[in-house]
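**Student:** The structure under discussion is supplied below as structure tokens; questions concerning it will follow.
The values are calculated or read from the model by the stated rules, or taken from the named source; none is laboratory data. Everything numeric here is computed off the predicted structure, so don't read it as measured data. Virtual Cβ from ideal backbone geometry, glycine too; neighbours counted across all protein chains shown. In case anyone asks, the SASA skips ligands and DNA or RNA and just uses the protein heavy atoms, side chains included. Shrake-Rupley method; radii C 1.70, N 1.55, O 1.52, S 1.80 Å.
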Amino acid sequence: SAGGPITPRWWPLLWHPVRVQAATSPARFVGIAAGRGSGKTEIAKRKLVANLRLVKPWPDPRYFYAAPTQPQAKRIAWHDFIALIPPNWIGPGGIRVSELTIVTRWGASLSVVGLDKPQRIEGPQWDGCVVDESCDVKPGTFDRSIMPALVHRRGWAWRIGVPKRYGVGAREFRQWCADAGAGQLQDAAAYTWESGDILEQIDPDLLAYARANMDPRDFNEQFRARWETAGGAVFHAFSEAANVRPCSYDPNLPLIVGCDFNPDPMAWVIGHRRGQVMEWVDELWQRNSNTPECLRLLADRYAGHRGGIEFYLDASSGQRSAASPATSYKLIAGDARLRAMGARIVFPRLRGDGTLEANPHIVERLAACNAMFCTAEGVRRMFVDSRCRRLIADLETRAYKPGTAEPDDAGDVGHITDAMGYAVAAMFPIVLGEQQRPGTVIITGGKRGAAWR
């Protein structure tokens, strides 16, 4: 081998027997479907760096780390590789930021690439690679673009990721791991292990939080490394028997209003937050309507309300456009009856340039709703009154397009549960890292407050 000795900082990982088996596997092709926070990406990074020291018959051994997109790959691995590779291994000008490539002083190189453009790795032959977040890599990429690039140098490959139900490449990755584990692929092996044993030692609070706040299938998938069945129901944690119950209106509690501004139908949900429990007590469903009309109906229906109103909106409803100069945001903020009732408008966080961050991705919104309907511990924290007929119907029937994580929303489907999702994701986000707080505009005393918080 070339280069200096490996320092202890290279392996600051807790012992786990299956992870060690994967890290030391003699197989040329390795599949790892392991839980979130299980250390699979960390051992993969160290394998790539350690290989930079190996002497090859050619002067330019090449390795790459790949993720579904270029920004994702850079975020996950680029700075870690710079930290892991000893400075005395790197040749003059060897850190090529524009190319996301590090070249060692003896000619071996390591590149970070996104497979949203597979041509980034096509052309040259490679000595080894790691493909991360494999469930989100486009089907066929491994066979058509990666395998041919490993032929002449007899390169090795790891395919790793969380065993997801959904994702463009989830079905392919699952089958590949199954075939590798069953010995049906030449010189291949597959490994899986849960996150629990590791996270219990590193961050037991995070694991307890996930168990208490995620729905069972999401928890099994993300932390127990189980291949869950990709059922068609979007709100699979919702049960009419368990989640539909009488929910009482309280004039002294804030009204929570989730809004979807599609004009036909315009669908809003209305409820109360009671601590960590959410109850939906009412709904608005208007054909060929508009925001002013729904605001009038809301103000008429709850004319005597004393607890204030919180509006949770789609981020796009607050953006200016030539076609719609009077945005939903301005209409709510300018409504005199709502100002008198103490309304607040809750948006995603305000950026420094004055624009709004996008709403959480639909997958995050749906996961937050499912976790409220039922957690991995069997706790239910969101309920719907039987009068919300449209909401209940959408919860029971909204489904995914076969084999995808994209809801099959046609006609009236999805609008009212989207309205619910904007509110739930803002109030009860599933936060396993840094929490992104929504911005709030407070409407008091007949004018809109200037403070965001």
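**Student:** Go through (1) hydrophobic (A, V, I, L, M, F, W, C); (2) assigned to a helix (DSSP H, G or I); (3) in contact with a helix residue (DSSP H, G or I) (Cβ under 7 Å, 6 or more places away or on another chain) for ILE146 and report which single condition fails.
**Tutor:** Condition not satisfied by ILE146: (3).
Yes/no matrix, rows are residues, columns are (1) closer than 21 Å to ILE32 by Cα; (2) among the small types (Gly, Ala, Ser); (3) out of contact with any strand residue (DSSP E or B) (no Cβ under 8 Å at 6 or more places or on another chain):
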position: ASP60; (1), (2), (3): no, no, no
position: ALA67; (1), (2), (3): yes, yes, no
position: ILE90; (1), (2), (3): no, no, no
position: GLU133; (1), (2), (3): yes, no, no
position: ASP136; (1), (2), (3): yes, no, no
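**Student:** Now a separate question. Return the residues of the stretch 199-229 that are over 23 Å from PRO402 (Cβ atoms) and not in a helix (DSSP H, G or I); say none if nothing qualifies. Even if it seems obvious, please write down each step before you answer.
**Tutor:** Residues of the stretch 199-229 over 23 Å from PRO402 (Cβ atoms): 199-214, 219, 223-225.
Scanning the stretch 199-229 gives ASP203, MET214, PHE223, ARG224, ALA225.
**Student:** So which residues in the stretch 248-288 are of a type in the set (A, V, I, L, M) and either buried (at least 19 other Cβ atoms within 10 Å of the Cβ) or closer than 14 Å to GLU310 by Cβ (or both), if there are any at all? Walk me through it before giving the result.
**Tutor:** Going through the stretch 248-288, the residues of a type in the set (A, V, I, L, M) turn out to be 253, 255-257, 266-267, 269-270, 277-278, 281, 284.
Scanning the stretch 248-288 gives LEU253, LEU255, ILE256, VAL257, MET266, ALA267, VAL269, ILE270, MET278, VAL281, LEU284.
**Student:** I'd like the residue in the stretch 72-107 that is in contact (Cβ under 8 Å) with a residue 60 or more places away in the chain and open to solvent by less than 10 Å² (accessible area, probe 1.4 Å) and, out of all such residues, is nearest to ARG154 (Cα to Cα).
**Tutor:** For the stretch 72-107, the residue satisfying everything is THR104.
**Student:** Continuing with the same structure: Just checking: which of the strands (runs of 3 or more DSSP E) contained wholly in the stretch 244-303 hold 1 or more residues that are without any contact (Cβ under 8 Å) to a residue 40 or more places away in the chain and within 14 Å of ALA419 (Cβ to Cβ)? Even if it seems obvious, please write down each step before you answer.
**Tutor:** Values: elements: 255-260, 266-274, 277-286.
Because the criterion is at least 1 residues that are without any contact (Cβ under 8 Å) to a residue 40 or more places away in the chain and within 14 Å of ALA419 (Cβ to Cβ), the strands (runs of 3 or more DSSP E) in the stretch 244-303 that meet it are 266-274, 277-286.
**Student:** A follow-up question, please. Examine the stretch 148-157 for a residue that is surrounded by fewer than 19 Cβ atoms within 10 Å (Cβ to Cβ) and modelled with pLDDT under 90, and state whether such a residue exists.
**Tutor:** The answer is no; no qualifying residue exists.
Residue-by-condition table, conditions (1) at pLDDT 90 or above; (2) part of a strand (DSSP E or B); (3) farther than 18 Å from ARG165 by Cα:
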{"residue": "ARG365", "(1), (2), (3)": "yes, no, no"}
{"residue": "ALA371", "(1), (2), (3)": "yes, no, no"}
{"residue": "PHE383", "(1), (2), (3)": "yes, yes, yes"}
{"residue": "ARG387", "(1), (2), (3)": "yes, no, yes"}
{"residue": "ARG390", "(1), (2), (3)": "no, no, yes"}
{"residue": "PRO402", "(1), (2), (3)": "no, no, no"}
{"residue": "VAL413", "(1), (2), (3)": "no, no, yes"}
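**Student:** Given the conditions (1) under 26 Å from ASP179 (Cβ atoms); (2) assigned to a loop (DSSP other than H, G, I, E, B); (3) within 21 Å of the chain's Cα centre (by Cα); (4) not hydroxyl-bearing (Ser, Thr, Tyr), which single one is not true for PRO26?
**Tutor:** Here PRO26 meets the rest and fails (3).
**Student:** Out of all the residues in the stretch 128-136, is one or more closer than 12 Å to ALA67 by Cα, open to solvent by 50 Å² or more (accessible area, probe 1.4 Å) and within 26 Å of the chain's Cα centre (by Cα)?
**Tutor:** There is at least one residue in the stretch 128-136 that is closer than 12 Å to ALA67 by Cα, open to solvent by 50 Å² or more (accessible area, probe 1.4 Å) and within 26 Å of the chain's Cα centre (by Cα).
**Student:** For the stretch 141-190, which positions are closer than 30 Å to VAL234 by Cα and among the hydroxyl-bearing types (Ser, Thr, Tyr)?
**Tutor:** THR141, TYR166
**Student:** Could you give every pair whose Cβ atoms fall below 6 Å, whose first residue belongs to the stretch 307-318 and is within 17 Å of MET278 (Cβ to Cβ) and among the charged types (D, E, K, R), and whose second residue is open to solvent by 10 Å² or more (accessible area, probe 1.4 Å) and modelled with pLDDT of 90 or more, counting only separations of at least 6 or pairs across chains?
**Tutor:** GLU310/PRO254
**Student:** Could you list, in sequence order, the residues of the stretch 167-192 that are assigned to a helix (DSSP H, G or I) and open to solvent by less than 20 Å² (accessible area, probe 1.4 Å)?
**Tutor:** ALA170, PHE173, CYS177, ALA180
**Student:** With (1) open to solvent by 50 Å² or more (accessible area, probe 1.4 Å); (2) under 22 Å from THR24 (Cα atoms) as the list, and GLY196 as the residue in question, which single condition is left unmet?
**Tutor:** Unmet for GLY196, out of (1) open to solvent by 50 Å² or more (accessible area, probe 1.4 Å); (2) under 22 Å from THR24 (Cα atoms): (1).
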